[in-house]
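Trainee: Before anything else, here's the structure in question.
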There are 2 protein chains.
Amino acid sequence: MPDGMLTRAELGRVPARAVREAIRAKRWNTTTHDLADGHIQANLAILPERYALDFMRFCHRNPKPCPLLDVTDTGDPEPKRVAPGADLRTDLSRYVLYRDGKKVAELRDIRDLWRADHVAFVMGCSLSFDSALAADGIDPAILRRPGPSGDQPRIPVYTSTIQCVPAGPFKGPMVISMKPVPKGLVDRVAAVTARYPLAHGGPVHVGDPAAVGVDPANSQWTNGCTLGPDDVPMFWGCGVTPQAVAQAAGIPEMITHATGHMFMTDLTLADIRQ
Amino acid sequence: MPDGMLTRAELGRVPARAVREAIRAKRWNTTTHDLADGHIQANLAILPERYALDFMRFCHRNPKPCPLLDVTDTGDPEPKRVAPGADLRTDLSRYVLYRDGKKVAELRDIRDLWRADHVAFVMGCSLSFDSALAADGIDPAILRRPGPSGDQPRIPVYTSTIQCVPAGPFKGPMVISMKPVPKGLVDRVAAVTARYPLAHGGPVHVGDPAAVGVDPANSQWTNGCTLGPDDVPMFWGCGVTPQAVAQAAGIPEMITHATGHMFMTDLTLADIRQ
């Protein structure tokens, strides 16, 4: 490990602010899972102001895939509502720049790209699910399955046939995540997640994957997943949706977090529980 | 009653759509309390698009006084999310037009005023509280007190010293409504209302009115209220707030519903329960 870098264990139980500061000081440069335990991690999308009203309407109309935690003032990189003092130009460990809907760069820092007409959207993330389930006594590890080639279990994500409610140029299919849930736990998992509308809320579909256009073994976004004989597939809105929709709209510029490199908010599970 | 007009009893238990159609046909021209029982009534604010992003951010940052139910596409008077087929230019029984923050007219219909750059905001309303309490077995009538001059009990509304989170030109004090609640019911009333974040959610303050700058007998908006010896005053964010804030900002043009002449949505209590 390079000099001055911190370990995942060192950042595992610190306040979210400490993780943001480590990232800002370039002492952390990889994914954020298991950091600042108990804090809500978030998706980021930065757009020019002329697209912001339509994008905000899109999020409001599609709260399951796009639960809005914070929208910054135009030109202000501080998300005052969820992380006062944070700087969205420096406090994520990796960014992706899209132009005309195409990915053109991955970046460690976006101070050089930030403009006075930028508006940042901070959106809830399904990583919070796992903490919510654990808090309710359901070990999230029992809801993971190996991929079809026996690869590392991950939460699989699919482009579904569920259509989002459009807003201006933003429209298209909802991206959804899947968890295979033992039959006896389905109602409980649905009830627990429904209490966190800002972390995608309750499931958008339970049961037959084909009914929402999904083949579990084939994911457009991640590894697929092999269901066990007693698994009921449950599906939730996924934070990849707003990125997918903004890409499809081909808007001239968008900056997002890179997959797994989430923004760490000061919010805790208790703050977003309904 | 003029020929063709309907009675409150005739519209008491019909779908919300039937009330909207009666208003559109000019067969109903007064306040909407007790109409379309079980349906969510809403506040309306129509603004030019150039103010819409800031106003939407204001609502998002202040969800207790300004719970956003729907935001229309620019130029489209149909609130597709909460009342498909409705027309916000004709389906309210009375509107108020403000110019530069000053009330300049009350109108029965705003088809002549509607423009291609208008954006309409439909926001939750505390009338829904009463249905929620009644559904939980608490008669809302026991939470009303006569005014200081013995006048008709109404829900009193006050400008508080609680400051809203600002967004662009929109800033200022939160307007709050008060209910005097017998001590033994305080926790239950707080819990019931907290389950309806889109109808202002849980209380913003419980107890000493002076702590939020309120003298119960003196309201800036309604009649005041005399508290009984066992009454605990409970306060909620009020839908008057966004209007007050937009007026104070002196924006060139805003159209709202007139007090008590709410927009009838197709939503029911069950639709907005968390």
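Trainee: Could you list all residues from the stretch A:158-206 that are open to solvent by 10 Å² or more (accessible area, probe 1.4 Å) and in a helix (DSSP H, G or I)?
Mentor: A:Lys183, A:Gly184, A:Leu185, A:Val186, A:Asp187, A:Arg188, A:Ala190, A:Ala191, A:Val192, A:Ala194, A:Pro197, A:Leu198
Trainee: So, A:Thr74, is that one outside the structural domain of A:His39 (by TED's automatic domain parsing) and more than 23 Å from A:Tyr196 (Cβ to Cβ) or not?
Mentor: no
Trainee: Could you tell me which residue of the stretch A:221-274 is nearest to A:Arg81 (Cα to Cα), considering only residues that are within 14 Å of chain B (Cβ to nearest Cβ) and either among the acidic types (Asp, Glu) or without any contact (Cβ under 8 Å) to a residue 12 or more places away in the chain (or both)?
Mentor: So the residue we want is A:Asp271.
Trainee: Right, here's the next one. I'd like the full set of residues that are at positive phi and modelled with pLDDT of 80 or more, limited to the stretch B:131-159.
Mentor: Within the stretch B:131-159, just B:Gly137 meets the criteria.
Trainee: Continuing with the same structure: Of the conditions (1) without any contact (Cβ under 8 Å) to a residue 24 or more places away in the chain; (2) touching a His at 6+ places or on another chain (Cβ under 6 Å), A:Ala22 satisfies every one except a single condition; which number is it?
Mentor: Single failed check for A:Ala22: (2).
Trainee: Those residues that are within 14 Å of chain A (Cβ to nearest Cβ), open to solvent by 10 Å² or more (accessible area, probe 1.4 Å) and closer than 22 Å to B:Val245 by Cα, I need them from the stretch B:71-101; list them, please.
Mentor: B:Thr74
Trainee: In the stretch A:207-232, which residues are buried (at least 16 other Cβ atoms within 10 Å of the Cβ) and modelled with pLDDT of 95 or more?
Mentor: Within the stretch A:207-232, A:Pro209, A:Val212, A:Val214, A:Val232 qualify.
Trainee: A further question follows. Give the stretch B:172-187 a look and list any residue that's at pLDDT 95 or above and of a type in the set (D, E, K, R), or say none.
Mentor: Matches in the stretch B:172-187: B:Asp187 only.
Trainee: Checking A:Leu267 against (1) open to solvent by less than 40 Å² (accessible area, probe 1.4 Å); (2) within 28 Å of B:Ala190 (Cα to Cα); (3) at pLDDT below 95, which single condition isn't satisfied?
Mentor: Status for A:Leu267: all satisfied but (3).
Trainee: When you look at A:Glu49, is it within 8 Å of another protein chain (Cβ to nearest Cβ), over 18 Å from the mean Cα position of the chain (by Cα) and open to solvent by 10 Å² or more (accessible area, probe 1.4 Å), yes or no?
Mentor: Criteria met by A:Glu49.
Trainee: Does at least one position in the stretch B:204-216 carry a residue that is under 13 Å from the mean Cα position of the chain (by Cα) and closer than 25 Å to B:Leu133 by Cβ?
Mentor: There is no residue in the stretch B:204-216 that is under 13 Å from the mean Cα position of the chain (by Cα) and closer than 25 Å to B:Leu133 by Cβ.
Trainee: Restricting attention to the stretch B:122-134, which residues are under 12 Å from the mean Cα position of the chain (by Cα) and open to solvent by less than 20 Å² (accessible area, probe 1.4 Å)?
Mentor: B:Val122, B:Met123, B:Gly124, B:Cys125, B:Ser128, B:Phe129
Trainee: Run down B:Ile142, B:Ile138, B:Ile110 and say which single residue is open to solvent by less than 30 Å² (accessible area, probe 1.4 Å), touching a strand residue (DSSP E or B) at 6+ places or on another chain (Cβ under 8 Å) and more than 12 Å from chain A (Cβ to nearest Cβ). Walk me through it before giving the result.
Mentor: Numbers: B:Ile142 fails: open to solvent by less than 30 Å² (accessible area, probe 1.4 Å); B:Ile138 fails: touching a strand residue (DSSP E or B) at 6+ places or on another chain (Cβ under 8 Å).
Answer to the check: B:Ile110.
Trainee: Could you figure out which of (1) away from chain A (no Cβ under 14 Å); (2) closer than 22 Å to B:Pro63 by Cα isn't true of B:Lys171?
Mentor: Against the list (1) away from chain A (no Cβ under 14 Å); (2) closer than 22 Å to B:Pro63 by Cα, B:Lys171 comes up short only on (1).
Trainee: Turning to a different aspect of this structure: Return the total of residues in the stretch B:176-198 being away from every other protein chain (no Cβ under 14 Å) and among the polar types (S, T, N, Q).
Mentor: Matching residues across the stretch B:176-198 total 1.
Trainee: While we're on this one: Restricting the search to the stretch B:52-70, which residues are in a helix (DSSP H, G or I), facing chain A (nearest Cβ under 9 Å) and among the hydrophobic types (A, V, I, L, M, F, W, C)?
Mentor: Of everything in the stretch B:52-70, those that are in a helix (DSSP H, G or I), facing chain A (nearest Cβ under 9 Å) and among the hydrophobic types (A, V, I, L, M, F, W, C) turn out to be B:Ala52, B:Leu53, B:Met56.
Trainee: Are any of the residues in the stretch B:26-49 among the charged types (D, E, K, R) and outside any loop (DSSP other than H, G, I, E, B)?
Mentor: yes
The values are calculated or read from the model by the stated rules, or taken from the named source; none is laboratory data. Bear in mind that the values here come from a model prediction, so they are computed numbers and not experimental data. Here Cβ is always computed from backbone atoms with ideal geometry, including for glycine, and neighbour counts include all displayed protein chains. We work out accessible area using only protein heavy atoms, side chains counted, and drop any ligands, DNA or RNA first. Shrake-Rupley method; radii C 1.70, N 1.55, O 1.52, S 1.80 Å.
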